[in-house]
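Beneath this line is the structure, given in structure tokens, with notes to follow.
Bear in mind that the values in this text are calculations on the coordinates, not laboratory data. These numbers come from a predicted model, not from an experiment.
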Amino acid sequence: MRVFVYEYLSSGAAGEDAASAALHPEGWAMLSAVLEDFSRCPGVETVTLLDPRLLPPVTEQIPGVVSKVAAPGGEEQTFRELTAASDWTLVIAPEFDDILARRSRWVEESGGRLLGPSPDAIRWTADKLALLGRWSARGIPTSSTSLSYPLVCKPRFGAGSQATFLVRNEGELDIARRQAEIEGWRGELMVQQYAPGLSASVAILADRDEWRSLPATEQHLSDDGRFHYLGGCLPLPKALDRRARRLAERAARCVEGLHGWFGVDLILGDADDGSADVVLEINPRLTTSYVGLRRLARFNLAEALLAVVTGSRLPCWDWKTETIAFRADGEIVE
């Protein structure tokens, strides 16, 4: 079996813009971790597309991975060739500017198979405003878009806490909009009610008949009103973990086409019965929590992902009890 693993920022396709540079450590952390795990799967050959400057680190750190480099302007052609020659493709890319959906469409158009959500599901989840409306209509607790301060101002189509602000009044909202423009954000902004509580995420492995939620992860965010992602830790206490996974699965089942690996972001409120919990977003791709989850698992997460999507026998689903903490760049905090 051949698996093509593509990470947008590490491929060199993003160029040198400031937004891409800020997200690059997270992208590299995910790519290097998942490449290593696929390389340990019996009978699996792994190929990736890399920025030429990253070739020595990959070839030295992860023996057996085939690394390809696209010619200038030739990313799409090389991508299509690699996915057509592979049994499965895992695409890791931001949702904004149609980056993730477009490359997932390349996979399908080239006859490949995705280890992640369909292009239609990606577009549904990338539109955060439309997704909130869908959840509200189906009775899923989520953050309101009503203008009642404090609010969170953020891109309607975004990733990685870009141009995201906590605002407490109309004046701060105006400042946030101007600051987003100064930082280079040109897309549409939206607001939603700020929800206090514990920020958490839940990763889910899914196929048509098989859904497996993984242990919930606490998200560490900056306390400067910008919600910058700093890393996380896991597992959560059992009661919080049950609440998080239950809400994440309810929210994810509202979107058709979620497949393979994806994540759900939510807030666990102060009420012990979960009545103050709200779901915020779906990330239709691998997220940085992978680096913590793989350290908590007593099995190979990449092997588990392949087992779910192919209908094969799952490895023993066993987790350590120790606490795993990690930074946004994937470094484990000992």
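In this structure the amide hydrogen of Glu45, modeled in the peptide plane, comes within under 5 Å of the amide hydrogens of Arg2, Val3, none closer than 5 places in sequence on its chain. Backbone phi angles across segment 203-211, fed through the Karplus curve with coefficients 6.51, -1.76 and 1.60 (θ = phi - 60°), yield HN-Hα couplings of 8, 10, 9, 9, 9, 4, 10, 10, 10 Hz in residue order; Gly and Pro are listed as x. Only helices reaching 24 angstrom along their own axis (Cα) with mean Kyte-Doolittle hydropathy no lower than 0.5 count here, and for the DSSP H runs of the chain these are 18-39.
Within the chain, DSSP assigns beta bridges of which about 75% are antiparallel (rounded to the nearest 5). Which one of Ala195, Ala203, Ala70 has the biggest mean-square fluctuation once the chain is modelled by GNM with Cα springs under 10 Å? Result: Ala70 has the largest fluctuation of those listed.
Taking the chain as a Gaussian network of alpha-carbon nodes connected by springs under 10 Å, the highest mean-square fluctuation of the residues Leu147, Leu49, Leu82 belongs to Leu147. What residue among Gly231, Gly269, Gly27 has the largest mean-square fluctuation in a Gaussian network model of the chain, using Cα springs under 10 Å? In the Gaussian network model the winner is Gly269. Relative contact order of the chain: 17 percent, from C-alpha pairs under 8 Å at least 6 residues apart in sequence. Entry note, segment 206-321: relative contact order of 23 percent, from Cα contacts under 8 Å with a spacing of 6+ residues.
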